[in-house]
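The values are calculated or read from the model by the stated rules, or taken from the named source; none is laboratory data. Worth saying up front: this structure is predicted, and the values here are computed from it rather than measured. Positions of Cβ are backbone-derived with ideal geometry, glycine not excepted, and every protein chain shown enters the neighbour counts. Only protein heavy atoms, including side chains, enter the accessible area calculation; ligands, DNA and RNA are left aside. Shrake-Rupley method; radii C 1.70, N 1.55, O 1.52, S 1.80 Å.
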Amino acid sequence: MNTFIGIPASAVEFYAALESNNNKLWWLEHKDTYDAEVRLPLQALADTLEARFGAAKLFRPYRDVRFGPDKTPYKTAQGMFLSNHEGVGFYLQLSADGLLIGGGYHSFAPAQLSRYRAAVDATVSGKVLMSILAGLSESGFSIEGQTLKTVPRGFPKDHGRAELLKHKTLSASMALGIPDWLESEEMAREITDHWEQLRPLVDWVVRYAAP
């Protein structure tokens, strides 16, 4: 396990350069920079936070170019996800814009989606979720997720929580930019504080919709 001492600002500069040089030759010439200034510091951060937020996964830096029109081979952001339940947990992303953090559920399977909608429909659990999301919004988080255009079949169109019923996935995120603590060990505490703000949402999903 590496001791976490922060993420160098040069990691942000790496992604700014990658956006203009997204090709194999440039990547191979700068792979050592990616390993030393992006991957290893984020792995050290993940190791520091795993005990509190769940098993960590750092995403691969390579894009799947098989099906889309964009054939650039490398992701212009490095993400990691910590979770104790499939599909639900805490997210962090590093890019040329700096840090983005989030939490919630990103992969509702059909049975889980049915449980989610039932919990939104139920008065007590539905109102609890609305209160959680209102608090996150007031704290500066953006409420996100894939949504339907209309209320799903079986629920009244004028349902008091119609917008939540439309969600197929549900998460909250906040762009942190390039804060002063990025390059220090204090970053672990700052990320912990932000993720703890997201814990009520994650816990709600675990209780009502997760596998």
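Here segment 138-159 is the region considered, the condition is being on the phi < 0 side of the Ramachandran plot and in contact with a Lys or Arg (Cβ under 9 Å, 6 or more places away or on another chain), and the residue that is surrounded by the most Cβ atoms within 10 Å (Cβ to Cβ) is VAL151.
Among the helices (runs of 4 or more DSSP H) lying completely within segment 12-67, list those that include at least 1 residues that are more than 21 Å from LEU82 (Cβ to Cβ). Give the derivation first.
On the way: elements: 24-29, 31-34, 40-53.
The qualifying helices (runs of 4 or more DSSP H) are 24-29, 31-34.
Flag: ALA172 does not match the condition of being among the small types (Gly, Ala, Ser) and open to solvent by 20 Å² or more (accessible area, probe 1.4 Å). Taken together, the residues in segment 74-96 that are modelled with pLDDT of 95 or more and not in a strand (DSSP E or B) amount to 3.
Exposed (fewer than 13 other Cβ atoms within 10 Å of the Cβ), among the aliphatic types (A, V, I, L, M) and under 27 Å from ARG207 (Cα atoms): is that true of ALA46 in this structure? No; evaluated as a whole, the condition is false for this residue.
Going by what's in this entry, would ILE178 be described as under 14 Å from the mean Cα position of the chain (by Cα) and at pLDDT 95 or above? Before you say what the answer is, go through the steps one by one.
On the way: under 14 Å from the mean Cα position of the chain (by Cα): no; at pLDDT 95 or above: yes.
No, not satisfied.
Among the candidates VAL88, VAL124, the residue that is of a type in the set (Val, Ile, Thr) and under 20 Å from ARG52 (Cβ atoms) is uniquely VAL88.
SER20 passes every criterion in (1) open to solvent by less than 40 Å² (accessible area, probe 1.4 Å); (2) without any contact (Cβ under 8 Å) to a residue 24 or more places away in the chain apart from (1).
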